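Worksheet: one structure, shown below.
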Amino acid sequence: MNAPKQTANLTHWNERVDLAAAFRWTARLNMHEGVANHFSLSINDDGTRFLMNPNQMHFSRIKASDLIEVDANDPDTLDKPGAPDPTAWGLHGGLHRHCPHARCAMHVHSIHATVLATLADSNLPPIDQNCATFFNRYVIDDHYGGLAFEDEGERCAQLFDDPKKKVMIMGNHGIMIIGDTVAETFNRLYYFERAAETYIRALQTGQPLRVLSDEVAEKTAQELESYPEQDERHLAELKAILDEEGDKYAS
């Protein structure tokens, strides 16, 4: 998609459009937190420069041209005009400084993932195909220390030390999902929330759970990881719907 003339001076336009679409669809799925929560996307080789949402702008209104560019290595970021939300800076700045494999990062307090994060045992057992997707592929943060200002953000970033694990269940807080692209990361975010919902609803029945074996769960996770083009097609379809509706996300 080409940038409109009035925004032609903005760089990384296609990435901006993808990220804006992800914001809009996250709001539509009610996985947002009003004017809180944040997504980011690296735009340089070492991952330290990144796009993210403006300070406290509702996900449902964010356009490609609204996204701000941030330097994780600039200690004066919060003192500049158009600075990001302080907790967004703390969490995403720390992540992009320490985890070059986290090209894209999406942090939300979606209902079912957050319910999972409030349980004494926040593990997600492989009770269905979606849950099995994340078998041995998440890390649980058991040491919530308050709002994700810079020190807390740095602490959280250190937990993504295994590149295989691209989901952080943030105890008493919410969820952080990382990936290589917007499409991959949003797809992972969507299906983790679906998996968490299945698990929470299964617990509500009070019945014994039918848990897959480790062998089958790992096999399923590997098969889904190599499933062709699902993430790209998922996001492409969402953008097609937004385009048909005349949504202004790509402006």
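The values are calculated or read from the model by the stated rules, or taken from the named source; none is laboratory data. Nothing here was measured: the structure is a model prediction, and the numbers come from that model. Cβ sites come from the backbone with ideal geometry, for glycine too, and all protein chains shown count toward neighbours.
Matching residues to (1) under 28 Å from R24 (Cβ atoms); (2) surrounded by 17 or more Cβ atoms within 10 Å (Cβ to Cβ):
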position: L67; (1), (2): yes, yes
position: D71; (1), (2): yes, no
position: D79; (1), (2): no, no
position: P84; (1), (2): yes, yes
position: L91; (1), (2): yes, yes
position: R103; (1), (2): yes, yes
position: H107; (1), (2): yes, yes
position: C156; (1), (2): yes, yes
position: M170; (1), (2): yes, yes
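Quick one: which strands (runs of 3 or more DSSP E) lie wholly within the range 1-111 and hold at least 1 residues that are more than 24 Å from E193 (Cα to Cα) and not charged (D, E, K, R)?
Once the strands (runs of 3 or more DSSP E) in the range 1-111 are filtered for at least 1 residues that are more than 24 Å from E193 (Cα to Cα) and not charged (D, E, K, R), what remains is 49-52, 68-71.
Among the residues of the range 193-232, what is the count of those that are at pLDDT 95 or above, over 24 Å from M31 (Cβ atoms) and not β-branched (V, I, T)?
Counting residues in the range 193-232 that are at pLDDT 95 or above, over 24 Å from M31 (Cβ atoms) and not β-branched (V, I, T) gives 14.
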